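For reference, the structure discussed in these notes is given below.
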Amino acid sequence: FGGLSVNIGANDVRELFNILVQKRRGKESGRLTKLVSSPSIYEYLQPYVHGYELAYQIREALEINLYTAFIDIEKLLDSLGISILDTALETNSIRGVAIAGENFLPTIVVNKNHKFNGSTRGRRFTLAHEFCHILFDRSRAKRLSHISGPWTSGRVEKRANAFAALFLATPHALERTLSTKVSLDAGTIKR
């Protein structure tokens, strides 16, 4: 569950349980399996640095150029066989839920009732954040879930946030984009 202070009621528990039942007996793609690993949470390395390293690693494995400024995260997840399910949970404390593991179809549940997911940018960030959990946090998760908030390692969440930020836009891509200026007079792009 992606959120800082998770507050979940019986209706949401039933909804998430039903989603787990629906996604059970699924299988992940071979392409996704090749990307999955269980790196330790290095105590000597800041979690954001680790998240950045993992994002670079996955961009390279997926052959995404460092200067690519926009990644269609939904299309990418679909190509890896990761299902995206938008649902309206009663709680607004959960941004997203990552489902993965043996006998489950990898799925990211996006809570439509979380204000962060109300914008395209926020939703994209949630997808990339949960993608990180699907790729790297399976050994840290419990049998059914990885719970974000006061019950889990803050390092794991910081790492996933850093992964999402850099995966979606590297400094290389940002620098190229920001150094491009639009000439108001000529209506052309200048470098």
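Using amide H atoms built in the peptide plane, which far-off residues or other-chain residues are under 5 Å from ILE84 H to H?
So ILE84 has HN proximity to ILE108.
Determine the share of segment 1-112's accessible area contributed by carbon and sulfur atoms, expressed in whole percent, with a 1.4 angstrom probe.
49
May I ask you to compute the full-extension gain from ARG24 to ARG176, defined as 0.36 nm times their residue separation minus their alpha-carbon distance, rounded to one decimal in nm?
Value of the extension gain: 50.4 nm.
Excluding ligands, DNA and RNA, what is the solvent-accessible area per residue of segment 1-143 at a probe of 1.4 Å, expressed in Å²?
Normalised by residue count, the accessible surface of segment 1-143 is 55 Å².
Please compute the length gained on full extension between ASN113 and THR33, using 0.36 nm multiplied by the number of residues separating them and subtracting their Cα-Cα distance. Please report the intermediate quantities before stating the final value.
Working: separation 80, 0.36 × 80 = 28.80 nm, distance 3.10 nm.
Contour length minus Cα-Cα distance gives 25.7 nm.
Going down the table (LYS23/LYS158; LYS34/LYS75; LYS23/LYS112; LYS27/LYS158; LYS27/LYS112), which pairs top 22 Å between alpha carbons?
Going by Cα-Cα distance, LYS23/LYS158; LYS27/LYS158; LYS27/LYS112 fall outside the 22 Å limit.
Ordered by residue, what ³J(HN,Hα) values in Hz, to whole numbers, does segment 127-132 give under the Karplus form 6.51 cos²θ - 1.76 cosθ + 1.60, where θ = phi - 60° and Gly and Pro are x?
Each residue of segment 127-132 in turn: 4, 5, 4, 5, 4, 4 Hz.
Obtain the radius of gyration and the Kirkwood radius of segment 44-101 from its C-alpha atoms and give Rg over Rh.
1.04
Hey, rough spin-label estimate for ASP72 and GLN46, points 7 angstrom out along Cα→Cβ, what's it come to in nanometres?
3.5
The values are calculated or read from the model by the stated rules, or taken from the named source; none is laboratory data. Not measured: the values here are computed from a predicted model. Using ideal geometry, Cβ is built from the backbone for each residue, glycine included, and neighbour counts are taken over all protein chains shown. Note: accessible area is taken over every heavy atom of the protein model, side chains too, but ligands, DNA and RNA are not part of it. Shrake-Rupley method; radii C 1.70, N 1.55, O 1.52, S 1.80 Å.
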